[in-house]
Amino acid sequence: MVFKINKDVELLNFIYQNSEMGVDTINKLIGIAEDKHLKKHLKSQFQEYKKINEKAKLLLNENGYDEKGITALEKLRTYLMINIQTLTDKSASHISEMLIIGSNMGIINALKSIKEYKDANPKIIKLMKKLLETEEKNVEELKSFL
């Protein structure tokens, strides 16, 4: 696969970072969630984000690029936000609401990226669309926990 250096790498790193945020956030919430049905759902979501994350990393590495993950500060901020927001409410409804808000942001960013990077390598666009579909599916499935 031949990359249009900057745009393809930018989009792949965007996919990598967004799926990494999904992996990290859901991994943290699996440990917090008390509802067994929600935990099962979260584990399934975790696997989806992980597949996308690994595919983005592989595509970057195969073409001689290192993935640029989310920064330690972003991870810390997310970790603290999750801890604060679940301190007094660990209900399936509350956790689902938090994830729906995050996935909706992911949907907006994915749609913008698909439009902005419309000339990117078709294989990368396909992976971006997979991330978008994953976010949309998550929102629909999480509604049942509200």
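All of the numbers you see were taken from the coordinates with simple rules; none came from a lab. Predicted model, so just to flag it, every value in this text is computed and none were measured. Using ideal geometry, Cβ is built from the backbone for each residue, glycine included, and neighbour counts are taken over all protein chains shown.
Sum up the charges of everything whose Cβ sits under 13 Å from the Cβ of Lys75, counting Lys and Arg as +1 and Asp and Glu as -1, but leave Lys75 out.
On the way: positive: Lys28, Arg77; negative: Glu20, Asp24, Glu74.
With Lys, Arg at +1 and Asp, Glu at -1, the neighbours total -1.
For the stretch 60-70, 3J(HN,Hα) computed residue by residue from phi via the Karplus equation (6.51, -1.76, 1.60; θ = phi - 60°) reads 5, 5, 4, 9, x, 10, 8, 6, 10, x, 5 Hz, glycine and proline entered as x.
Both radii come from the Cα set of the chain: Rg as radius of gyration, Rh as Kirkwood radius; their ratio Rg/Rh reads 1.00.
Our note on the geometry: Cα centres of the stretch 104-146 and the stretch 2-62, 12 Å apart. Only alpha carbons enter this Debye calculation for the stretch 32-117, each as an equal point scatterer, and the log10 of I(q)/I(0) it gives at q = 0.11, 0.17 Å⁻¹ is -0.42, -0.96. Taking every C-alpha pair closer than 8 Å and separated by at least 6 residues, the mean separation divided by the residue count of the chain gives a relative contact order of 34 percent. Computed over the chain, the per-residue total of -39500 (n - 2.57) for DSSP H runs of n ≥ 4 gives a 222 nm mean residue ellipticity of -27500 deg cm²/dmol, rounded to 500.
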